[in-house]
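Q: Submitted below is the structure of interest, expressed as structure tokens.
Just so it is clear, none of the values below were taken in a lab; they were calculated from the coordinates. Everything numeric in this text was worked out from a predicted model, so none of it was measured.
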């Protein structure tokens, strides 16, 4: 009976824990990368305030992991940079 319980744990619990950890870590990395991208745009003196606002909105709406998962042609340049 113990062996069956350990087998079930290794079959279901371990992959679930790995998935949950990966989702958590991915969200943290997305937040870090997005903040870095936004800071880079804010420091660039050659960009108008309107363009900076558009960039902030774009980066907030399209985190790096979501852009990499998408096949959208509009995100192709962003995907290649990330």
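Q: If you stretched the chain out fully between residue 22 and residue 35, how much longer would it get, using 0.36 nm times the residue separation minus the C-alpha to C-alpha distance?
A: Net length gain for the segment: 2.7 nm.
Q: What is the angle, in °, between the Cα long axis of helix 49-61 and the longest principal axis of the Cα atoms in the chain? Nearest 10 is fine, range 0 to 90.
A: 10 degrees
Q: Could you tell me how many degrees, from 0 to 90 and to the nearest 10, lie between the Cα long axis of helix 14-43 and the main elongation axis, the longest principal axis, of the Cα atoms of the chain?
A: Between the helix axis and the principal axis of the chain, the angle is about 10 degrees.
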